[in-house]
Structures are given as C-alpha cells and as structure tokens.
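The values are calculated or read from the model by the stated rules, or taken from the named source; none is laboratory data. As the structure is a computational prediction, the values presented were derived from the model and not from experiment. Positions of Cβ are backbone-derived with ideal geometry, glycine not excepted, and every protein chain shown enters the neighbour counts.
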Amino acid sequence: MARLLDKLRPYITKEEIHEHVIKLANQVESDYRGQEIVLICPIKGSIPFAADLCREINLPIKIDFVRVTAASSLDNPEGIMRIQKDISVNIEGKHVLIVEEIIDTARTLSFLRDRLWAAKPASLKILTLLDKPARRAVSLKPDYFGRIVEDRFLVGYGLDEDELGRNYPDIYYLTH
C-alpha cells in the first residue's frame, strides 16, 4: 500500500500560504478597522488556516466553530444539509466572517451562509484561502480569497484525502 505522500505533488508551499494569510489579514484589518469581528470556522478543514489567520489580524476577535454535513439520500442525491455542531457565540449585530480553507461546489457554504444570516449579524462575509470556481454548483463568490486554484484534488494545510494529510504544512495535488 502506497503512502499518501507518494501520490502527491507539490502545489502551494507553506511560504506562499503564509503570504496569502498576511494579505488576507491586512484586508480584513483595513475593512474592519477598530471593530470586533467574529470568525466562524467550519471544521475540520479550516482549522489550520483559521489559526494562522487569527494570529495575524490585529483586531478584537471572537472565534467559533461549526460542523455542517451533507447526508445523501435517494430523494436528495446532493445531500440534505445538517448542522452537527452549531455555533455557541451570539452573532446578532456582529460583524461575521466565515473562514474556509477552500470553496469548491459551495453547497455546504451556501447553506451555512443562509443559516448564519438568520441570526441577524450586522454583516456577513466569506473569506477563503483557496477558491475553485470550476467546481461551483451554486452561485457564490467569496468576499476575500487568497488564490484561485485549478480543478485538482488538493491535500494538506487542512485539506484531506480520507482524513489524512490535513497536518501537512504545504498543499499538494493528488496524482492518483
């Protein structure tokens, strides 16, 4: 059985990732100067990115986590969205950023965005490290993105292949 790293090729280095994190943090600081923001981080993939990003943003920040899953069924092959772990912080009247490591189809993210809007935040924006518009199934554009990526299966820095590889500091693409 081949190791996962044997099936991967380098795509984005940890240095390039860090540059994107700094750029995004600066954009957020500029847009929310002097205000408190709430970062909502879908788990599991966003954790490394969210941790690095929040350390670079010099503003008052609250962080919370949410877990949304799509349960497939015969009646709904695209999956019924379910919140397995909801946020615990009150976001009413707050400036909220959903922090994602990657946006591809955007189905789950669209569901989460609509769910969070129902909690009446002052503002709600989407921030992602990687944007993969070639896979988009619903109309959704991030307000902030680090890099547009090709339609490849990516692993590392929170992205996984069957739950493996999330801990890699670089991002790789799977060669099969």
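Before moving on, here are some points about what is shown:
- The range 90-137, residues that are in a helix (DSSP H, G or I), within 14 Å of the chain's Cα centre (by Cα) and basic (K, R): R107, R113
- In the set (1) in contact with a Ser or Thr (Cβ under 8 Å, 6 or more places away or on another chain); (2) within 21 Å of G93 (Cα to Cα), the condition left unmet by Y32 is number (1).
- Within the range 12-39, residues that are farther than 28 Å from D86 by Cα sit with their Cβ atoms under 7 Å from residues that are part of a helix (DSSP H, G or I), at 6+ positions apart or across chains, in these pairs: I22/E56.
- Qualifying residue in the range 23-30 (condition: modelled with pLDDT of 95 or more, closer than 22 Å to V149 by Cβ and polar (S, T, N, Q)): yes
- Residues (over 30 Å from L164 (Cα atoms) and of a type in the set (S, T, N, Q)) located in the range 8-37: N26, Q27, S30, Q35
- The set of residues in the range 84-124 being touching a His at 6+ places or on another chain (Cβ under 8 Å) and surrounded by fewer than 18 Cβ atoms within 10 Å (Cβ to Cβ) consists of A122, S123.
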